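Novice: Structure provided below as structure tokens; questions to follow.
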DNA sequence: ATGAAAGCGCTAACAG
DNA sequence: CTGTTAGCGCTTTCAT
């Protein structure tokens, strides 16, 4: 496995580096290099398993055929799945993926963005902390190709692929109402994320749309890094007050899992006493006791669209591509709502 | 956000590129560059947010400060977690991570290995399909730094970080025996993976160690890409034969989830009629009905050790580092075994 | 203490 | 049709 360079093959075949480079990049015909010469080059490269140094190539070309993916946390199954689909689609379109996790830290995210730029990625897909307005704006101004995924900045004009968060919780809440629940609680994470704001609005609207009353203390937000602990208090206050809830909407999968854990500890019957419903789901939500009704996000489509929009922009192919997508979620009805 | 280069800062400060480069790489003192000059350079770089082009740097240095991670599938929560810990530790040690999924395809894996080499990664962490003996050998011969994770090639001398698969299932099976189960089935994936072989041996040994009889038809292997379908048949034959099992050992999390699904469809009571136990677990296994006893793998330690061994080798620091780790798994006892 | 110059491996005008 | 040559941006030896 001795390393072989472009120069080596040029010398071995007594040709110029140019000829070799051209042929290897599929521009032999276009440059009228004889079929025969082309074949010699291709064969030699093949036999000696020539592999161009991508750093040199990238430096020269000014691009890397690599897409950077920045997400909050790769060990969150939701983002892992997105990463999976981003990777698949990117590969199909000839791009590699470099990923990094921001851990919900905007400083880290910022560092990551610049670090990826230094690494000369051709474009970025970002599930942002939504606290880097300034840097996102810089990217836009610099005309650098990127698309926001899962979370977007409503005040900045960018490409994005998100889901209909409002519609999602609206639907979830209506499902609960349809099943006769009237005291519906809501547990979310403490966050300015637009997605979370929308989820809350969807919940509130569904209740007021149906003419029911919204009880303020039935809404709790808890810290995402300390949710197990805070969940205990949230659940207790919800089920122990005189205005005891008969259902709870959770805005994300790990909250739902944690909430159910607490309900079980308190020996509250789900769904008989309290129904629960979750935005997005974990792997085994259909096996959980009881199976949790959840609002599934189309991770595959999210990943695919993000890559397609990005690559289209990188390659400046078609300006008519729809660069803002709001995807529908899908309600998976299971027993945790009693229905 | 206009791009600024090394040359620009040298010119602006009326210095040579050398001086600037040296200082920026923290070798100012060592090259006796006046404190004052150093400060000027550093300040200027800071203010103009200078960012070295990593491709140029990499090309010149012959390294990229990047680690390549090749795994079967990033959307498998087990590998996603490993990726997460690899990323964290790598970052601490000053490396970036590039990842790609092989989808259990050895051809893809091979392509990935070479593609990463072309991209000049400094080292590789591979959860191999275990069908690329040849290419792994080439890496060894070439002296390229890499470490196998989760799956190793028993016949090749390499660095690796794996778990004690034999011990794991041995333990799991003993747990079942201790709880009075005698007809213990075993469901695994069809695979030559050493890990799977060991898991099977651990199971068999536990049974024979205790002097019980091993019933061949209680062992099933099913296709990993078609497991939901094949699981149905496997479970049915296990519970419907006259030699009905009273427990099942699953060699991986998604098999356990799928198996439980089938048991429920058949209305088999778990654990009363059949106990189940799983090697590794999914996010909500503690909430599942019944909570599934599982043998947890130390993903954090696996990721950390892999990175440490790799970086140690890349930087040729300490040849005394233990480069073969077999980590212990941990049995999380829950209700699915009746105990 | 600082700078000139060569070179990392590849691409691409441009000239023959 | 092919080769010469000049970079891409950064590091680093070797003089000064």
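Novice: Relative to the first principal axis of the alpha-carbon coordinates of chain B, what is the inclination of helix B:253-265, with its axis defined by its Cα atoms, in degrees from 0 to 90 and to the nearest 10?
Specialist: The angle comes out near 30 degrees.
Novice: Can you tell me how much longer the chain between residue B:332 and residue B:221 gets when fully stretched, taken as 0.36 nm per residue apart minus their C-alpha distance, in nm with one decimal?
Specialist: On the way: separation 111, 0.36 × 111 = 39.96 nm, distance 2.43 nm.
37.5 nm is the gain from fully extending residue B:332 to residue B:221.
Novice: If I model the protein assembly as shown as equal point scatterers sitting on the Cα atoms and use the Debye formula, what is log10 I(q)/I(0) at q = 0.05, 0.06, 0.09 Å⁻¹?
Specialist: Scattering profile of the protein assembly as shown, log10 relative to I(0): -0.29, -0.41, -0.89.
Novice: Now for a different question. Quick check: Cα centre of segment A:93-135 to Cα centre of segment B:68-100, how many Å?
Specialist: With segment A:93-135 and segment B:68-100 each reduced to a Cα centre, they are spaced 16 Å.
Novice: Shielding of B:117-125 by partners, i.e. mean partner chain Cβ atoms within 10 Å per residue? Mind dumping the intermediate values first?
Specialist: Details: counts 5, 6, 11, 5, 1, 0, 0, 0, 0.
Mean inter-chain Cβ contacts per residue within 10 Å come to 3.
Novice: Evaluate the relative contact order of segment B:142-278 (contact order divided by residue number), counting alpha-carbon pairs under 8 angstrom at least 6 apart; express in whole percent. Write out the running numbers ahead of the final one.
Specialist: Values: 194 pairs, mean separation 34.0, N = 137.
Here the relative contact order equals 25 percent.
Novice: I need A:230, A:242 ordered by Cβ neighbour count within 10 Å, fewest first.
Specialist: On the way: A:230 19, A:242 4.
So the residues, fewest neighbours to most, are A:242, A:230.
Novice: For a footprinting-style exposure proxy, rank A:260, A:255 by other Cβ within 10 Å, fewest first. If you can, show how the numbers build up before the last one.
Specialist: On the way: A:260 28, A:255 25.
Ranking A:260, A:255 by Cβ neighbours within 10 Å, fewest first, gives A:255, A:260.
Novice: For the protein assembly as shown, give the share of DSSP beta bridges that are antiparallel, in percent and rounded to the nearest 5; count only bridges with both residues there.
Specialist: Details: 8 of 77 bridges.
Counting only bridges with both partners in the protein assembly as shown, antiparallel ones make up about 10 percent.
Novice: Determine the calculated [θ] at 222 nm for chain B from helices alone, applying -39500 (n - 2.57) to every DSSP H run no shorter than 4 residues and normalising by the residue count; nearest 500 deg cm²/dmol. Present the calculation step by step, with values, prior to reporting the outcome.
Specialist: Working: 12 runs with 149 residues, N = 339.
Computed ellipticity for chain B at 222 nm equals -14000 deg cm²/dmol.
Novice: Ordered shortest first, which distances in nm separate the 7 Å Cα→C-beta label point of residue A:240 from those of the other copies?
Specialist: Spacings between copies for this position, smallest first, are 5.1 nm.
Novice: Here is a further query. Running a GNM on chain A with Cα contacts under 10 Å, which residue among A:237, A:128, A:102 ends up with the highest mean-square fluctuation?
Specialist: Of A:237, A:128, A:102, the Gaussian network model singles out A:237 as fluctuating most.
Novice: Now for a different question. Can you tell me, using C-alpha contacts under 8 Å and at least 6 residues apart, the relative contact order of chain B as a whole percent? Don't jump to the answer; show the numbers that get you there.
Specialist: Working: 563 pairs, mean separation 54.3, N = 339.
Relative contact order comes out at 16 percent.
Novice: OK, next. Over segment A:119-266, what is the percentage of antiparallel beta bridges among all DSSP beta bridges, to the nearest 5? Display every interim value, and only then the final one.
Specialist: Working: 0 of 14 bridges.
In segment A:119-266, approximately 0 percent of DSSP beta bridges are antiparallel ones.
Novice: Angle, helix B:106-118 long axis vs. longest principal axis of chain B, Cα atoms, 0 to 90°, nearest 10?
Specialist: 10
Novice: Considering the rotational relationship between chains A and B, which residue of chain A contributes the beta-carbon of minimal distance to the axis, and what is that distance to the nearest Å?
Specialist: So the chain A residue sitting closest to the axis is A:289, 1.
Novice: Continuing with this model, one more query. Can you tell me which of B:222, B:268, B:71 moves the most in a GNM of chain B? Springs connect C-alpha atoms under 10 Å apart.
Specialist: B:268
Novice: In chain B, what % of DSSP beta bridges are antiparallel (nearest 5)? Walk me through the numbers on the way to the answer.
Specialist: Numbers: 3 of 37 bridges.
Rounded to the nearest five, the antiparallel share is 10 percent.
Novice: Placing a label point 7 Å from Cα toward Cβ, how far apart in nm is residue B:327 from its equivalents in the other copies, listed shortest first to one decimal?
Specialist: Spacings between copies for this position, smallest first, are 3.1 nm.
Novice: Sort A:9, A:309, A:125, A:333 so the one with the fewest other Cβ atoms within 10 Å of its own Cβ comes first.
Specialist: Numbers: A:9 21, A:309 24, A:125 30, A:333 13.
So the residues, fewest neighbours to most, are A:333, A:9, A:309, A:125.
Novice: Using Cα atoms only, what is the angle between the long axis of helix A:77-92 and the major principal axis of chain A, expressed in degrees (0 to 90) to the nearest 10?
Specialist: Once rounded, one gets 30 degrees.
Novice: State whether chain B is rounded, prolate or oblate according to the following rule on the C-alpha gyration tensor (a ≥ b ≥ c being the square roots of its eigenvalues): a/c under 1.5 gives rounded; otherwise a/b larger than b/c gives prolate, and the remaining case gives oblate.
Specialist: Values: a/c = 3.02, a/b = 2.71, b/c = 1.11.
Note, shape of chain B comes out prolate.
Novice: On to the next question. Every other copy gets compared here: list the nm distances from the residue A:62 label point (7 Å along Cα to Cβ) to its counterparts, shortest first, one decimal.
Specialist: 3.0
Novice: Expressed in whole Å with the largest first, what are the equivalent ellipsoid semi-axes of segment A:6-61 derived from the C-alpha gyration tensor as the square root of 5 times each eigenvalue?
Specialist: Sorted largest first and rounded, they come to 17, 14, 10 Å.
Quick note: the coordinates plus some simple rules give every number you see, no bench work behind them. Quick caveat, the model's predicted, so the values are computed rather than measured. Heads up, the Cβs are rebuilt from the backbone with ideal geometry, glycines too, and the neighbour counts pull from every protein chain shown.
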